[in-house]
Amino acid sequence: HTVNSLEDYRAVRSKVDGRTASILIIGGGLIGSEFANDLTVAGHRVTLVERAEHLLPALLPAAAAGSLEARFTDKGIHVHTGCSVQSFTTQSNGNLTATLSTGETWQGELVISALGLQPNIHLASQAGLETRHGLVVDDQLRTSDGCIFALGDCVEHRGVIRPYVRALRRQASVIGTTLAGKTAVYDGTPDTTIIKTTLCPVAVYPPPSHGEWVAAQEGRWDHYSGDRLTGFALMGGAVADAKRVEKELV
């Protein structure tokens with residue numbers, strides 16, 4: 001199963017709710033980690049496979065990701081990093097067997113592919129709007145038709161898609177201001193992302209430039225580009241300081 005909409009999610013839950021299921025999740029990014037968390041809390045047996053060397057590879061430094069992995073493992077999630085799924089076979093009872101690149105096998109009832117969201121641009125394409133990976137908008141969130149604005153997970157701004165709630169709210173503010181006849185610009189800068197892994201809360205401000213991650217204190221890692229603080233990652237109780245730490249950024 002892929003989960004790209006509320007309907008997809010309901011279909012997955014309908015197959016496992018009311019019983020304990022063994023579930024394999026492919027992809028240990030934001031989506032896969034949140035699914036692993038939620039399905040474990042719901043009482044299911046979860047195996048999480050990530051091809052990179054650690055979870056949330058696009059967001060977290062290895063040390064911070066290690067803290068998340070340790071917490072997941074403590075709660076019963078079987079985490080496999082640095083490997084991939086090589087093959088699937090169907091058993092006589094309808095269950096699946098997966099073989100990992102390490103030679104290990106998994107058996108269970110359900111497999112979820114969590115390899116990233118796919119923007120739904122079908123309607124926009126039919127309407128003749130400019131689309132690439134997403135629905136292309138300018139700094140006022142206008143599409144290629146100046147009478148049509150767009151925001152959210154489907155929007156591609158300056159070549160980037162930001163499928164996060166805080167980005168959506170900033171986009172909505174710009175559209176509202178523009179429609180009111182005033183000047184507003186959506187610059188697409190990153191926001192602090194709260195990853196909803198209740199077993200180990202995570203807040204991360206993805207650095208916009210290259211640099212180095214440094215352990216600052218327990219539960220906090222800072223990213224520096226030269227001598228400038230350009231990002232951070234917070235784990236566990238340190239997440240409560242996210243707004244204060246965000247103010248420290250240059």
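General observations
- Residues that are more than 18 Å from K196 (Cβ to Cβ) and surrounded by 12 or more Cβ atoms within 10 Å (Cβ to Cβ) within region 11-22 comprise A11, K15, V16, D17, A21, S22, listed in sequence order.
- Output for region 197-237, where each listed residue is farther than 14 Å from E248 by Cβ, in contact with a helix residue (DSSP H, G or I) (Cβ under 9 Å, 6 or more places away or on another chain) and either open to solvent by 70 Å² or more (accessible area, probe 1.4 Å) or in a strand (DSSP E or B) (or both): T198, V202, V204, W213, A215, E218, M235
Residues checked against (1) farther than 25 Å from A65 by Cα; (2) of a type in the set (D, E); (3) modelled with pLDDT under 95:
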position	(1), (2), (3)
R162	no, no, yes
R166	no, no, yes
E218	no, yes, yes
F232	no, no, no
V250	no, no, yes
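- Residues satisfying the stated conditions in region 131-164, i.e. of a type in the set (K, R), surrounded by 15 or more Cβ atoms within 10 Å (Cβ to Cβ) and assigned to a loop (DSSP other than H, G, I, E, B): R162
- Boolean, K247 is surrounded by fewer than 18 Cβ atoms within 10 Å (Cβ to Cβ) and within 22 Å of the chain's Cα centre (by Cα): no
- Within region 84-130, the set of residues being within 25 Å of the chain's Cα centre (by Cα), open to solvent by 60 Å² or more (accessible area, probe 1.4 Å), aliphatic (A, V, I, L, M) and more than 21 Å from G29 (Cα to Cα) comprises just one member, L123.
- In region 1-38, of all residues being outside any loop (DSSP other than H, G, I, E, B) and of a type in the set (S, T, Y), the one that is nearest to A58 (Cα to Cα) corresponds to S33.
- L55, sole failed condition from (1) closer than 23 Å to P190 by Cβ; (2) open to solvent by less than 10 Å² (accessible area, probe 1.4 Å); (3) in contact (Cβ under 8 Å) with a residue 60 or more places away in the chain: (3)
The values are calculated or read from the model by the stated rules, or taken from the named source; none is laboratory data. Just so we're clear, the structure is a prediction, and the values are computed from it rather than from any experiment. Cβ coordinates were reconstructed from backbone atoms using ideal geometry, including for glycine residues, and neighbour counts include every protein chain displayed. In case anyone asks, the SASA skips ligands and DNA or RNA and just uses the protein heavy atoms, side chains included. Shrake-Rupley method; radii C 1.70, N 1.55, O 1.52, S 1.80 Å.
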